[in-house]
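Student: Pasting in a structure now, in structure tokens, and then I'll have a few things to ask.
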Amino acid sequence: MNALDILLWVAFPYAAFAVFVVGHIWRYRYDQFGWTTRSSQVYENRLLRWGSPMFHLGILFVLAGHIVGLLIPREWLYAIGIDEHMYHLGATTLGTIAAVFTVAGLAILVYRRRTTNAVFLATTAMDKVMYVFLGATLLFGSIATIMYQVFGPGYEYRGTVGPWMRSLILLQPQPELMADVPLMFQLHVLCATALFALWPFTRLVHVFSAPVGYLFRPYIVYRSRDATRPGRPTRRGWEGIEQPDEKRLHKL
């Protein structure tokens, strides 16, 4: 283990995490009006209607797979009956499908942004940087999966990358675990780490603005302006409010 290992597998991840947290706090305090996806649907909808669902659905499954594969020790999976063969089969099959959806969706979105003039003009410099690092992360991850997991002998990243990541979370870093990891996996991890550092300064902040409150908001009650129009029977507690009698108001 040398100084470069300490820099790449200890200092860089912790610095990226610090920027991730502090950057989001700063952005929320001083740029709430910019906390948005910067939607360009009004400019073009046909390609967006295909690319956006494919990308978002694929990336959700990719993230779920990474959480299971890297953050959950394999002994815990063994305890609930998921052996090595079952895990490898599920991770390879479902991971490949998720990767295809994610890469295809991203390709459509990038093509749309480059070929639709109005969308391209609305693209900021940070959008371009974000797409580069996001694309590189997906590219290196896909290459590593195809080379080692699909057509290769397989690589047990749960014995190296997973414990390394958990050691960072426990504040007991073990950079030596990443020393002999295949290059494509290393590049995938480094690009993902850089993407986390860039996250607060891009449109990716919209991930933390999911409209969860909509699930618990009260019903919105509508009534027709036509008093003669029949409607459903009014439930108790939802009686309509009548207009005040003008003649009685004048008498008062």
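Student: Return yes when Ile97 is open to solvent by 50 Å² or more (accessible area, probe 1.4 Å) and in contact with a helix residue (DSSP H, G or I) (Cβ under 8 Å, 6 or more places away or on another chain) and no when it is not.
Tutor: yes
Student: Next question, about the same structure. Quick check: anything in segment 134-154 over 23 Å from Leu60 (Cα atoms), in a helix (DSSP H, G or I), open to solvent by less than 30 Å² (accessible area, probe 1.4 Å) and touching a Phe, Trp or Tyr at 6+ places or on another chain (Cβ under 9 Å)?
Tutor: no
Student: Any residue in segment 13-39 that's more than 30 Å from Gln174 (Cα to Cα): show its pairings with residues that are of a type in the set (D, E, K, R) and modelled with pLDDT under 95 at Cβ separation under 8 Å, as long as the two are six or more apart or on different chains.
Tutor: Once the first residue is more than 30 Å from Gln174 (Cα to Cα) and sits in segment 13-39, its partners that are of a type in the set (D, E, K, R) and modelled with pLDDT under 95 give Gly34/Arg27; Trp35/Arg27; Thr36/Arg203; Thr37/Arg203; Arg38/Asp127; Arg38/Arg203.
Student: Now for a different question. Name the one entry in Leu8, Leu47 that is over 21 Å from Leu121 (Cβ atoms) and surrounded by 13 or more Cβ atoms within 10 Å (Cβ to Cβ).
Tutor: Only one candidate qualifies: Leu8.
Student: Scan segment 166-203 residue by residue and report those that are open to solvent by 30 Å² or more (accessible area, probe 1.4 Å) and more than 19 Å from Ala3 (Cα to Cα).
Tutor: Residues satisfying the conditions are Arg166, Ile169, Leu170, Met184, His188, Phe196, Leu198, Trp199, Phe201.
Student: Could you check segment 8-81 for helices (runs of 4 or more DSSP H) lying wholly inside it with 3 or more residues that are modelled with pLDDT of 90 or more and within 21 Å of the chain's Cα centre (by Cα)?
Tutor: In segment 8-81, the matching helices (runs of 4 or more DSSP H) lie at 12-30, 46-66.
Student: Among the residues of segment 91-106, write down those that are touching a Gly at 6+ places or on another chain (Cβ under 6 Å) and either of a type in the set (Ser, Thr, Tyr) or not in a helix (DSSP H, G or I) (or both).
Tutor: Within segment 91-106, Thr102 is the sole residue that qualifies.
Student: Collect the residues in segment 79-94 that are open to solvent by 70 Å² or more (accessible area, probe 1.4 Å) and either in contact with a strand residue (DSSP E or B) (Cβ under 7 Å, 6 or more places away or on another chain) or over 14 Å from Pro153 (Cα atoms) (or both), keeping them in residue-number order.
Tutor: Across segment 79-94, the qualifying residues are Ala79, Ile80, Asp83, Met86, Leu94.
The values are calculated or read from the model by the stated rules, or taken from the named source; none is laboratory data. These numbers come from a predicted model, not from an experiment. For neighbour counting, all protein chains shown are included, and Cβ atoms are generated from backbone atoms with ideal geometry for every residue, glycine included. Heads up: the accessible areas ignore ligands, DNA and RNA and are worked out on the full protein's heavy atoms, side chains in. Shrake-Rupley method; radii C 1.70, N 1.55, O 1.52, S 1.80 Å.
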